[in-house]
Amino acid sequence: MPSLVKSTINILLADDDKDDRELFKEVLDELPFSFRLETVYDGEQLMQLLNHANKQLPDVLFLDLNMPRKNGFECFSELRRNENLKKLPVIIFTTSFEPEVINLLYDKGAQYYIRKPNDYAQLKKVIHLAITLISQTNLIKPPKEKFVISQASFQNEHK
């Protein structure tokens, strides 16, 4: 299957769960595109990395909401207030699924929202779809009904 992404995509994953970070890397290794993955384990480490003056920003940030020291909500708010970071595409990547939180994150400018699937095949599909969408949309905000990426959205995209 040819790659839908034209060049290497720089991905940053902020997730405190070591197993989830390793699984994410394993999924990326199986997908048909070139990537560079950097991971951080909490919000403080994330913000230090992104605020480093000489650091090139990633193409996309996958952000867990439930992290110690500084959670994903706090990080997302900081990103959107920072002139240098506010245009960074953020995909919320979490176990939480509360409609009011999803609506708030959409309104505040998150690019997509993924509830982490328990099934490996579904995880692979939603990550593939998210990266494909990020690479193809030139960061246009999706309509609200396409904000949450799930197994259903994968099936709808490929009918």
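What follows is calculated from the coordinates using simple rules that are stated; it is not laboratory data. Because the structure is a prediction, the values reported are computed rather than measured. Because the Cβ atoms are built from the backbone with ideal geometry, glycine has one as well, and the counts that use them run over all protein chains shown.
List of remarks:
- In this structure, the amide hydrogen of Phe93, modeled 1.01 Å from its nitrogen in the peptide plane, lies closer than 5 angstrom to those of Leu63, Asp64, Leu65, Ile114, counting only residues at least 5 positions away or on a different chain.
- Under 5 Å, built H, 5+ apart or other chain: amide partners of Ser150: none
- Axial C-alpha extent at least 15 Å, average Kyte-Doolittle at least 0.5 - helices from the chain (DSSP): 120-136
- Mean Cβ count within 10 Å, highest first, over the residues of peptides 65-74, 114-123: 65-74, 114-123
- Kirkwood radius for the chain, taken over all pairs of different Cα atoms as the inverse mean of 1/r, rounds to 15.8 Å.
- Shape of region 8-85, Cα gyration tensor, a/c cut at 1.5: oblate
- Helix-only [θ]222 nm of the chain, DSSP H runs n ≥ 4, -39500 (n - 2.57) each, per residue, nearest 500: -12500 deg cm²/dmol
- Residues whose amide H falls under 5 Å from that of Leu13, counting only those 5 or more places apart or on a different chain, are Glu38, Thr39, Val40, Phe62, with hydrogens built in the peptide plane.
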